[in-house]
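> Pasting a structure here, questions to come.
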Amino acid sequence: QEQVVESGGGLVQAGGSLRLSCTTSGTVLWIYDMGWYRQVPGKQRELVAVVHSSDTTDYADSVKGRFTIKRDNNAGNTVYLQMNNLKPEDSAVYYCCVHFLVPSPPYQTTEHWGQGTRVTVSS
């Protein structure tokens, strides 16, 4: 069972920056994508950013221009989320999610979540 471990959350003032890290124990070759999601109490978990195996990226509209997702080129099993110009509405528990491709028919993906790391942005 692949493990996913996040780190880097904390308390920061509005306008500040944080960098989240996520490392998985799974086989790098079969990583389909690595993404960050966030959740606040009473709301559904939402996608923040994702990087695909092709290195293409997608972002939620609310974080475009402020957040950057990037895989470590040396350690392909690690992904970072650089968060700049943080706002109080960015406060949430951030979760890393890794999808792996099962390399045999029907070539499905498996989904693995980390335990979450809390980000709090004070106004």
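The values are calculated or read from the model by the stated rules, or taken from the named source; none is laboratory data. Quick caveat, the model's predicted, so the values are computed rather than measured. With ideal geometry, Cβ positions are generated from the backbone for all residues, glycine too; neighbour counts draw on all protein chains shown. Note: accessible area is taken over every heavy atom of the protein model, side chains too, but ligands, DNA and RNA are not part of it. Shrake-Rupley method; radii C 1.70, N 1.55, O 1.52, S 1.80 Å.
> Among the residues of region 1-47, which ones are over 19 Å from Val63 (Cα atoms), open to solvent by 30 Å² or more (accessible area, probe 1.4 Å) and of a type in the set (Gly, Ala, Ser)?
Ser7, Ser25, Gly42
> For region 44-59, which positions are part of a loop (DSSP other than H, G, I, E, B) and among the acidic types (Asp, Glu)?
Within region 44-59, the first condition is being part of a loop (DSSP other than H, G, I, E, B), and the residues that meet it are 44-45, 53-56.
Of everything in region 44-59, just one residue is part of a loop (DSSP other than H, G, I, E, B) and among the acidic types (Asp, Glu), namely Asp55.
> Another question, if that's okay. Select from region 48-63 the residues that are within 21 Å of Gly76 (Cβ to Cβ) and out of contact with any Ser or Thr (no Cβ under 6 Å at 6 or more places or on another chain) and list them in ascending order. Don't jump to the end; show me each part of the working.
From region 48-63, those within 21 Å of Gly76 (Cβ to Cβ) are 48-59; that's our starting set.
Across region 48-63, the qualifying residues are Val48, Ala49, Val50, His52, Ser53, Ser54, Asp55, Thr56, Thr57, Asp58, Tyr59.
> Given the conditions (1) part of a strand (DSSP E or B); (2) touching a residue at least 24 places away in the same chain (Cβ under 8 Å); (3) more than 17 Å from Gly114 (Cβ to Cβ), report the number of the one that Ser62 does not fulfil.
Only one criterion is unmet by Ser62, namely (1).
> Name the residue that is modelled with the lowest pLDDT, counting only residues in region 50-70 that are surrounded by 15 or more Cβ atoms within 10 Å (Cβ to Cβ) and either among the aliphatic types (A, V, I, L, M) or closer than 18 Å to Glu111 by Cβ (or both).
Filtering first and then ranking leaves Ser53.
> Looking at region 67-123 only, could you name the residues that are touching a residue at least 40 places away in the same chain (Cβ under 8 Å) and of a type in the set (Phe, Trp, Tyr)?
The answer is Tyr80, Tyr94, Tyr95, Phe100, Trp113.
> If I go through region 20-40 residue by residue, how many of them are modelled with pLDDT under 95 and outside any strand (DSSP E or B)?
Adding up the residues that qualify gives 6.
> Mind checking which residues of region 77-123 are on the phi < 0 side of the Ramachandran plot, modelled with pLDDT of 95 or more and part of a loop (DSSP other than H, G, I, E, B)?
If the condition is that a residue be on the phi < 0 side of the Ramachandran plot, modelled with pLDDT of 95 or more and part of a loop (DSSP other than H, G, I, E, B), then Asn84, Leu86, Lys87, Ser91, Gly114, Gln115 are the ones that fit.
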